[in-house]
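Visitor: Here you go, one structure.
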Amino acid sequence: MAWQDRYEMVCGVETHVELATKTKIFCGCSTEFGGEQNTHVCPVCLGMPGVLPVLNREVVNLAIKAGLALNCEIAEFSKFDRKNYYYPDLPKNYQTSQYDLPICTKGWVTIETEERVKKIGITRAHMEEDAGKLVHSGETIMSSDESYVDYNRTGVPLLEIVSEPDMRSVPEVLAYLEQLVQILQYTEVSDCRMEQGSVRFDINVSLRRLGADGFGIRTETKNLNSFSSVRRCLEYETERQAQVLNGGGQVIQETRTWDEGKGITLALRTKEEAHDYRYFPEPDLVPLVIGRDWVERIRTTLPELPAERRLRYLELGLSEYDAGVLVAAKPLADFFDRALIRFDQAKVLVNWVTGDFLRLLNANQQSAAESRLSPEQFAELMGLIDQGVISGKIGKNVLEEMYLTGKDPSLIVKEKNLAQISDEGTLLRIVDEVLAAHPQSVEDFRAGKEKAIGFLVGRVMKATKGQGNPGLVNRLLREKMT
Amino acid sequence: MAVEGKRGGERVKISRSDVEHVALLARLELTEPEIEMFTEQLNSILEYAAVLEQLNTDGVSPTAHVLPLHNVLREDVVRPSLEQEKALMNAPDAENGFFRVPRIV
């Protein structure tokens, strides 16, 4: 019997996202990823005695922006606190974070799964600093006699977004994460480069008997950095908890870690050993007072959010699927929108954008923004096909050429002499030659075999190197044979 | 550790085990006489601070900071960082540009 027949899953997620600032949260060191170890550090982020942190205004701007996009209340009065713990990735022995007065509270995001549309509550979102990176001498931290520390990431601004325990299935969790990441990307609060660890998820999950009101005992699995890890982790952890419960046991409230290679979660520490963080107000930072005017100023910078954009696409007549493909990749959707200004047949355009263009992008591991091909050039190509200057088939070749060279489509058509042959006289000569060469097909067609015309069109197209206007060729062949 | 001025009218005293707990969290190894000494000293600090309890604070809202300031902010402009060599200069141990630390767990 599957556990789903007895239990319901309850899940909440804490998301840590690196904010897209140029400098760290409390000092002017660069946040750039991939610098040589310990070269983006200064006395402030190294926790030297006597230094004073100063809050980066852009961190506050981005936190407000994220808060608004997540339908949160923005606190008029907010402050920072010290979260004390002893670990070498944290040179000060405390993390500067926000405890009881976070900048954002009480928001929500709307998710859609195959089953339903649902609101997922956001409890809070607060600003804090990231920790450094550890490299262990052995295979794991347990088997290492020593570790190496790079403090470049220390002090990179984070927003920790805490959801309510509102999710009841793996698809709901994934829909929430996808929606959250899309919102953060659309608002440019973060680049959300998962492979660089700029978004990390902590997954809180428990099971309860179907129909029960209260929550079961939960575990928290920390530091997952991809959707697929989250899915696998949830599948493993719910199954594990169900086995414990079915065996008459009790789930232990604990922090666990995800072993990507083995695909399992492992206990890190139990609640009894839980950190005693001894939060207290950060004396080195003065409080933050955010007036309505500040919030409203940020509100004016909010772009169209993914859910709104999806609705707009559906209203344009795009399919759910096409709208979803576009919205999921903001650069692609931006590209589509710009091309649409010059070529207004949305459905024709989307087929090309999510078809041949996306295939080229994927093959070259590029986003639409990185491509040499501009939306304006793309729209011009659509126009050439629409006006019958070139056929759709030739259009595909032109697109590839444009993608490689960045040249205008009209120039490629001219240089390579690709324009469609729509001159009746020229086509008629070729049609006559083809008919003379294939008497059997002519006979078949006259005997009522429609298929034969396809073959004959193919021969003419081949003779014109694909440049014959297929509609015209078809008509001329029929006229000649009847 | 519950350090409050009063609990149910009684002043809470810092016990030996409180000191041991805090020492553990701070990774401090204390000798017996040190534990005694710090227990005593921390209690006298609390006692001293308890003078404040004599003040009437009715109608005074709690504060988050002692300075009458807010919104001290800097612009998001990159400033030079330390050179790696300088960053590591005070490190007890370093290798290849990394700080080297002993076994963590």
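The values are calculated or read from the model by the stated rules, or taken from the named source; none is laboratory data. All of these numbers come straight from a predicted model, not from anything done at the bench. Ideal geometry is used to build each Cβ from the backbone, glycine not excepted, and the neighbour counts take in all protein chains shown.
Visitor: With A:LYS118, A:LYS133 as the choices, which residue is within 14 Å of chain B (Cβ to nearest Cβ) and basic (Lys, Arg)?
Guide: A:LYS133
Visitor: Further question on the same structure: The conditions are (1) within 13 Å of another protein chain (Cβ to nearest Cβ); (2) at pLDDT 95 or above; (3) farther than 20 Å from A:VAL295 by Cβ, and A:PRO91 fails exactly one of them. Which is it?
Guide: All conditions are met except number (2).
Visitor: More than 16 Å from A:ASP89 (Cβ to Cβ), crowded, with 16+ Cβ neighbours inside 10 Å and either modelled with pLDDT of 95 or more or over 25 Å from the mean Cα position of the chain (by Cα) (or both), is that true of A:THR123?
Guide: Spelling it out, A:THR123 is indeed more than 16 Å from A:ASP89 (Cβ to Cβ), crowded, with 16+ Cβ neighbours inside 10 Å and either modelled with pLDDT of 95 or more or over 25 Å from the mean Cα position of the chain (by Cα) (or both).
Visitor: One residue is enough: does the stretch A:55-68 have a residue meeting the conditions of a type in the set (S, T, N, Q), in contact with a His (Cβ under 9 Å, 6 or more places away or on another chain) and either within 30 Å of B:VAL22 (Cα to Cα) or facing chain B (nearest Cβ under 9 Å) (or both)?
Guide: No; the residues of the stretch A:55-68 include none that is of a type in the set (S, T, N, Q), in contact with a His (Cβ under 9 Å, 6 or more places away or on another chain) and either within 30 Å of B:VAL22 (Cα to Cα) or facing chain B (nearest Cβ under 9 Å) (or both).
For every residue, the table says whether it meets (1) crowded, with 16+ Cβ neighbours inside 10 Å; (2) touching a Pro at 6+ places or on another chain (Cβ under 7 Å); (3) more than 7 Å from chain A (Cβ to nearest Cβ).
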{"site": "B:GLY59", "(1), (2), (3)": "no, no, yes"}
{"site": "B:ALA64", "(1), (2), (3)": "yes, yes, no"}
{"site": "B:LEU67", "(1), (2), (3)": "no, no, no"}
{"site": "B:GLU75", "(1), (2), (3)": "no, no, no"}
{"site": "B:PRO80", "(1), (2), (3)": "no, no, yes"}
{"site": "B:GLN84", "(1), (2), (3)": "yes, no, no"}
{"site": "B:ALA87", "(1), (2), (3)": "yes, no, no"}
{"site": "B:VAL101", "(1), (2), (3)": "yes, yes, no"}
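Visitor: Is the stretch A:279-300 home to any residue that is among the acidic types (Asp, Glu), over 23 Å from A:GLU376 (Cα atoms) and in a loop (DSSP other than H, G, I, E, B)?
Guide: Yes; the residues of the stretch A:279-300 include at least one that is among the acidic types (Asp, Glu), over 23 Å from A:GLU376 (Cα atoms) and in a loop (DSSP other than H, G, I, E, B).
Visitor: Between A:ARG208, A:ARG200, which is at pLDDT 95 or above, closer than 22 Å to A:ILE141 by Cβ and either surrounded by 13 or more Cβ atoms within 10 Å (Cβ to Cβ) or not assigned by TED's automatic domain parsing to the domain that holds A:VAL162 (or both)? Show your work before the answer.
Guide: Numbers: A:ARG208 fails: closer than 22 Å to A:ILE141 by Cβ.
Every option except A:ARG200 fails the conditions.
Visitor: Just for helices (runs of 4 or more DSSP H) wholly inside the stretch A:410-482: which have at least 1 residues that are within 52 Å of the chain's Cα centre (by Cα)? Let's see the steps before the verdict.
Guide: Working: elements: A:424-437, A:439-446, A:451-463, A:470-481.
In the stretch A:410-482, A:424-437, A:451-463, A:470-481 are the helices (runs of 4 or more DSSP H) which contain 1 or more residues that are within 52 Å of the chain's Cα centre (by Cα).
Visitor: A further question on this structure: Taking A:VAL398, is it within 30 Å of A:LEU361 (Cα to Cα), at pLDDT 90 or above and among the β-branched types (Val, Ile, Thr)?
Guide: The answer is yes for A:VAL398.
Visitor: Does the stretch A:3-14 include one or more residues that are farther than 26 Å from A:PRO165 by Cα and either within 27 Å of the chain's Cα centre (by Cα) or surrounded by fewer than 20 Cβ atoms within 10 Å (Cβ to Cβ) (or both)?
Guide: no
Visitor: Considering the stretch A:116-132 alone, what residues qualify as being of a type in the set (D, E, K, R) and in contact with a helix residue (DSSP H, G or I) (Cβ under 8 Å, 6 or more places away or on another chain)?
Guide: Passing the criteria: only A:LYS118.
Residue-by-condition table, conditions (1) surrounded by 15 or more Cβ atoms within 10 Å (Cβ to Cβ); (2) part of a helix (DSSP H, G or I); (3) in the same structural domain as A:MET402 (by TED's automatic domain parsing):
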{"position": "A:GLY317", "(1), (2), (3)": "no, no, yes"}
{"position": "A:ILE341", "(1), (2), (3)": "no, yes, yes"}
{"position": "A:VAL353", "(1), (2), (3)": "yes, yes, yes"}
{"position": "A:LEU361", "(1), (2), (3)": "yes, yes, yes"}
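Visitor: List every residue pair whose Cβ atoms sit under 9 Å apart, with the two residues 6 or more apart in sequence or on different chains, where the first one lies in the stretch B:81-105 and is in contact (Cβ under 8 Å) with a residue 12 or more places away in the chain and the second, anywhere, is of a type in the set (S, T, N, Q) and surrounded by 15 or more Cβ atoms within 10 Å (Cβ to Cβ).
Guide: If the second residue must be of a type in the set (S, T, N, Q) and surrounded by 15 or more Cβ atoms within 10 Å (Cβ to Cβ), the pairs left are B:GLN84/A:GLN37; B:GLN84/A:ASN38; B:GLN84/A:THR39; B:GLY97/A:GLN37; B:GLY97/A:ASN38; B:GLY97/A:THR39; B:GLY97/B:GLN84.
Visitor: Sticking with this structure for a sec: Could you figure out which of (1) of a type outside the set (A, V, I, L, M, F, W, C); (2) more than 30 Å from A:LEU288 (Cβ to Cβ); (3) at pLDDT 95 or above isn't true of B:SER81?
Guide: Every condition holds for B:SER81 apart from (2).
Visitor: Among the numbered conditions (1) under 23 Å from A:ALA346 (Cα atoms); (2) over 33 Å from the mean Cα position of the chain (by Cα); (3) part of a loop (DSSP other than H, G, I, E, B), tell me where A:ARG372 comes up short.
Guide: (2)
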